[in-house]
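Accompanying notes for the structure given below.
The values are calculated or read from the model by the stated rules, or taken from the named source; none is laboratory data. Computed from a prediction, not measured in an experiment: that's the story for all the values here. Methodologically, a virtual Cβ is constructed for each residue, glycine included, from the backbone with ideal geometry; neighbour enumeration extends over all protein chains shown.
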Amino acid sequence: MKNSLEPYEITGGCLCRNIRYRITEHPLMCAICYCRQCQHSSGSEATQVLVVPRTQFKVIKGEPKKYKSKGGSGFSVIRCFCGECGSPLFALPEGNRDLVSVKICSLDDPAAFKPNVAIFIREAQPWTSTPEKIHLFQQSLQIP
């Protein structure tokens, strides 16, 4: 188990490396989201995210483009991506302004994180299979 006093850092960014970010706190959750809006924004059947405290997330290089849309929760979400290469990077949910949802595959080491919950499975495509041994939720989770 990691000592909470040890420095912690996760880094990531876009494909062209014009945008870089840093996370300095352990994730609160690692999830797969099957909501229709995440399907559209990722071009896939789902998106995999780390949920982290917004105060522990910082863009350290570049300025992402932003697109505001309605999320699966009904609240607006600001989706941030690279305007040069188009890589989706993170989302800022307006329903919980204390959190950031960071796209796992934009991390420098995505293999270090394995989703343990799946949300909005009611919106999953009929041909999608959900991973075994994770918690499944029809809608989103409320994170305090």
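Looking only at the range 90-102, decide whether some residue is among the polar types (S, T, N, Q), part of a helix (DSSP H, G or I), touching a strand residue (DSSP E or B) at 6+ places or on another chain (Cβ under 6 Å) and touching a residue at least 12 places away in the same chain (Cβ under 8 Å). Scanning the range 90-102, I find no residue that is among the polar types (S, T, N, Q), part of a helix (DSSP H, G or I), touching a strand residue (DSSP E or B) at 6+ places or on another chain (Cβ under 6 Å) and touching a residue at least 12 places away in the same chain (Cβ under 8 Å), so the answer is no.
Using the structure shown, decide if Arg79 is surrounded by fewer than 20 Cβ atoms within 10 Å (Cβ to Cβ) and either under 22 Å from Lys114 (Cα atoms) or touching a residue at least 24 places away in the same chain (Cβ under 8 Å) (or both). It is false that Arg79 is surrounded by fewer than 20 Cβ atoms within 10 Å (Cβ to Cβ) and either under 22 Å from Lys114 (Cα atoms) or touching a residue at least 24 places away in the same chain (Cβ under 8 Å) (or both). Return yes when Gly72 is of a type in the set (Gly, Ala, Ser) and in contact with a helix residue (DSSP H, G or I) (Cβ under 7 Å, 6 or more places away or on another chain) and no when it is not. Yes. For the range 61-70, the condition of being part of a loop (DSSP other than H, G, I, E, B) and under 14 Å from the mean Cα position of the chain (by Cα) holds for none of the residues.
Restricting attention to the range 53-68, the residues that are exposed (fewer than 13 other Cβ atoms within 10 Å of the Cβ), in contact (Cβ under 8 Å) with a residue 40 or more places away in the chain and farther than 21 Å from Ser41 by Cα total 3.
For the range 30-48, does any single residue satisfy the condition of being touching a strand residue (DSSP E or B) at 6+ places or on another chain (Cβ under 9 Å), surrounded by 15 or more Cβ atoms within 10 Å (Cβ to Cβ), over 24 Å from Pro126 (Cα atoms) and not small (Gly, Ala, Ser)? No, because not a single residue in the range 30-48 is touching a strand residue (DSSP E or B) at 6+ places or on another chain (Cβ under 9 Å), surrounded by 15 or more Cβ atoms within 10 Å (Cβ to Cβ), over 24 Å from Pro126 (Cα atoms) and not small (Gly, Ala, Ser). Candidates in the range 1-22 are the residues that are modelled with pLDDT of 90 or more and touching an Asp or Glu at 6+ places or on another chain (Cβ under 7 Å); of these, the one that is surrounded by the most Cβ atoms within 10 Å (Cβ to Cβ) is Gly12.
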